[in-house]
Amino acid sequence: MNTCLILIDAQESFRQRPYFTATDLPAYLAAQNALIDGCIAADVPIVRIFHVDGPKTADNPFSRESGCVHPLAELHDFEPAATFYKGRHSALVGTGLDVWLTQHGIQRLIISGIRTEQCCETTTRHASDLGWQVDYCLEATLTWDMQQLDDSTLSAADIKTRTATVLKDRFATICSPTQALARAVDTHA
């Protein structure tokens, strides 16, 4: 079974957002870079996804005109098998990613990137519904605290726990980078 790493929205745009904090960034980068390095070593293709939306102006960090729509500086360098730009939460809406995956015989996806509960979770659910097997690499996703309806804070850790709970065994297998890479190597044999 052919596997592909989908690296979602790991871009400098997020540093420009008021909610951005570097608290969980080192752990995320360690896990994300382990996935990147492991995929390179195992010859597993890596697809890069960038989020672009809003006005096409220099002051919008999610527009190409801003100069912020490029990989996080701390990510290990790699040559992507393909790069797609999306304007929706799912990387499978309007990008051509689904066509590329089908043309390349990809049957399993490893999902990683930013944000845990938004674009990573949405892409996971969409991919599962379209028939791909999905390994959701929770450690290699990043998110930030959010305000709940009652103005209390929902921590990033609680958001990650919730995401893993709702995806597990319904839409994805929740994997560590090591587990996801082992599954990818086993299926490439």
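The values are calculated or read from the model by the stated rules, or taken from the named source; none is laboratory data. Quick caveat, the model's predicted, so the values are computed rather than measured. Please note: Cβ atoms are built from the backbone with ideal geometry, for glycine as well, and neighbour counts cover all protein chains shown.
Give me a count of the residues in the range 24-40 that are free of Cβ contacts under 8 Å to residues at least 40 places away in the same chain and farther than 24 Å from LEU97 by Cβ.
The qualifying residues number 2.
For GLY113, state whether it is surrounded by 14 or more Cβ atoms within 10 Å (Cβ to Cβ) and at positive phi. Lay out the reasoning, then the answer.
Details: surrounded by 14 or more Cβ atoms within 10 Å (Cβ to Cβ): yes; at positive phi: yes.
So GLY113 fits the description; yes.
Does SER66 meet the test of being within 24 Å of CYS175 (Cα to Cα) and small (Gly, Ala, Ser)?
no
Search the range 143-160 for residues being touching an Asp or Glu at 6+ places or on another chain (Cβ under 6 Å) and of a type outside the set (S, T, N, Q), and hand back the single one that is farthest from ALA27 (Cα to Cα).
Per the criteria, the residue is ILE159.
Restricting to the range 122-155, and then to whatever is outside any strand (DSSP E or B) and among the small types (Gly, Ala, Ser), can you tell me which residue is farthest from the chain's Cα centre (by Cα)?
SER152
Scanning the range 1-60 for residues that are part of a strand (DSSP E or B) and β-branched (Val, Ile, Thr), which turns out surrounded by the fewest Cβ atoms within 10 Å (Cβ to Cβ)?
So the first thing to find is which residues in the range 1-60 are part of a strand (DSSP E or B), and the list is 2-8, 11, 46-51.
Applying the additional criterion that residues be β-branched (Val, Ile, Thr) yields 3, 6, 8, 46-47, 49.
Details: THR3: 23, ILE6: 27, ILE8: 28, ILE46: 20, VAL47: 22, ILE49: 25.
Filtering first and then ranking leaves ILE46.
Output the qualifying pairs, or none if there are none: Cβ atoms under 6 angstrom, residues six or more apart or on different chains, first residue in the range 118-132 and over 18 Å from GLY94 (Cβ atoms), second residue modelled with pLDDT of 95 or more and in a helix (DSSP H, G or I).
GLU121/THR163
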